[in-house]
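What follows is one structure encoded as structure tokens, with my remarks underneath.
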Ligand SMILES: Nc1ncnc2c1ncn2[C@@H]1O[C@H](COP(=O)(O)OP(=O)(O)OP(=O)(O)O)[C@@H](O)[C@H]1O
Ligand SMILES: N[C@@H](CCO)C(=O)O
């Protein structure tokens, strides 16, 4: 595609926050919420510099995120997709305003949302018109577990698996193609193509299926005010599991995928089926209060509660409920407070639409 034929419009990209695992579905279940990372290029710029700039509207929530495009996960991802399509520079100048209310490193899929947003950004600025499954291939070249990114891209309650479990290639996609050009102004630094061309992801890296979701079930997210990186929370997991633990999880996972779609949710069934032996027990020491919360907040003592689990890699706790949302949130925050963990809670809806990229009005 020539630069003249690259579309030059304003757009808004929206990518939902997600929760992964939902108890026993480690690295396989994801759920999308009504809380969105959004990217907006509010002005069309008559600038001939083919680069990209970034600013965050809410720096408080995004402290520490690099603004240099060559270091920021959103633009690094976009650059990876562009390089795979033969671009040696951004196709046009684009000044992006990012609004990100998804708390970082809390288990609400902030990195998955950033990766999906980057893939959609490249797709938009270069007019690639990639179908959703191909967008997912690129996102999975970077975030090598499919739960968050599948739900973020597709929306709703999604089960997915990677067809290739080559962990050696995990997260390597972003390491090759970047050479930040430090000679250029630090705010608008350009990407200089490295000698090594990036590895194009194979097609259909993953398979996924949308699962039914019972309309009245909402998500109470209880968010500790400390960060826990996914890398740290994965480092505590064992390399192997016993047959008993494997069977324990498989049985619950099979039941859970149907129990959450029933029109009259069975609280006791859902609560039991959200129990896990693959990651939560190992991560409990990283989240003070988690174990007590999971054992004391049960349907018998907490009206409206259906089930609770660690959200993604934590430290957020996800509570599914169909009533008494505020009271449940308050009770969970009180338990964390007994462990000196300050929390905020958000009551969110499960959304079915997934990520979008839409044209929007421009100021020129
Ligand atoms: N909006 C964003 N813009 C740029 N980078 C981001 C953005 N959101 C997240 N990131 C990057 O992702 C990192 C957080 O990723 P991490 O996998 O540790 O947590 P998470 O994705 O929030 O949690 P989980 O995967 O358990 O849901 C941040 O430190 C930052 O590097
Ligand atoms: N399934 C992943 C989600 C976090 O990105 C984990 O629990 O480590």
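The values are calculated or read from the model by the stated rules, or taken from the named source; none is laboratory data. Computed from a prediction, not measured in an experiment: that's the story for all the values here. Please note: Cβ atoms are built from the backbone with ideal geometry, for glycine as well, and neighbour counts cover all protein chains shown.
Let me confirm something: among 345, 278, 311, which residue is closer than 11 Å to residue 221 by Cα and either surrounded by fewer than 16 Cβ atoms within 10 Å (Cβ to Cβ) or within 16 Å of ligand 2 (Cβ to nearest atom) (or both)? Give the steps one after another, and end with the answer.
Details: 345 fails: either surrounded by fewer than 16 Cβ atoms within 10 Å (Cβ to Cβ) or within 16 Å of ligand 2 (Cβ to nearest atom) (or both); 278 fails: closer than 11 Å to residue 221 by Cα.
Checking each option against the conditions leaves just 311.
Specify the residue that is nearest to ligand 2 (Cβ to nearest atom); the eligible residues are those in region 134-164 that are under 30 Å from residue 93 (Cβ atoms) and in contact with a strand residue (DSSP E or B) (Cβ under 9 Å, 6 or more places away or on another chain).
Applying the first criterion (under 30 Å from residue 93 (Cβ atoms)) to region 134-164 yields 134-143, 149, 152-153.
Going one step further and asking which of them are in contact with a strand residue (DSSP E or B) (Cβ under 9 Å, 6 or more places away or on another chain), we end up with 136-137, 140, 149, 152-153.
Details: 136: 15, 137: 18, 140: 12, 149: 9, 152: 11, 153: 15 Å.
By that ranking, first place goes to 149.
Answer yes or no: is there a residue in region 90-100 that is at pLDDT 95 or above, assigned to a loop (DSSP other than H, G, I, E, B), farther than 16 Å from residue 139 by Cβ and within 16 Å of ligand 2 (Cβ to nearest atom). No, region 90-100 contains no residue that is at pLDDT 95 or above, assigned to a loop (DSSP other than H, G, I, E, B), farther than 16 Å from residue 139 by Cβ and within 16 Å of ligand 2 (Cβ to nearest atom).
Hand me the list of strands (runs of 3 or more DSSP E) wholly inside region 276-364 holding 2 or more residues that are within 16 Å of ligand 1 (Cβ to nearest atom). Before you say what the answer is, go through the steps one by one.
Numbers: elements: 305-310, 317-321, 343-348, 356-359.
Passing ranges, in order: 305-310, 317-321, 343-348.
With respect to residue 121, is the statement that it is modelled with pLDDT of 95 or more, within 21 Å of residue 10 (Cα to Cα) and either within 20 Å of the chain's Cα centre (by Cα) or more than 13 Å from ligand 1 (Cβ to nearest atom) (or both) true? It is true that residue 121 is modelled with pLDDT of 95 or more, within 21 Å of residue 10 (Cα to Cα) and either within 20 Å of the chain's Cα centre (by Cα) or more than 13 Å from ligand 1 (Cβ to nearest atom) (or both). Determine whether residue 220 is surrounded by 15 or more Cβ atoms within 10 Å (Cβ to Cβ), part of a strand (DSSP E or B) and not assigned by the TED database to the domain that holds residue 62. Yes.
With respect to residue 35, is the statement that it is assigned by the TED database to the domain that holds residue 155, assigned to a strand (DSSP E or B), touching a residue at least 40 places away in the same chain (Cβ under 8 Å) and closer than 25 Å to residue 314 by Cα true? Talk me through it step by step, then tell me what you get.
Details: assigned by the TED database to the domain that holds residue 155: yes; assigned to a strand (DSSP E or B): yes; touching a residue at least 40 places away in the same chain (Cβ under 8 Å): yes; closer than 25 Å to residue 314 by Cα: yes.
Yes, satisfied.
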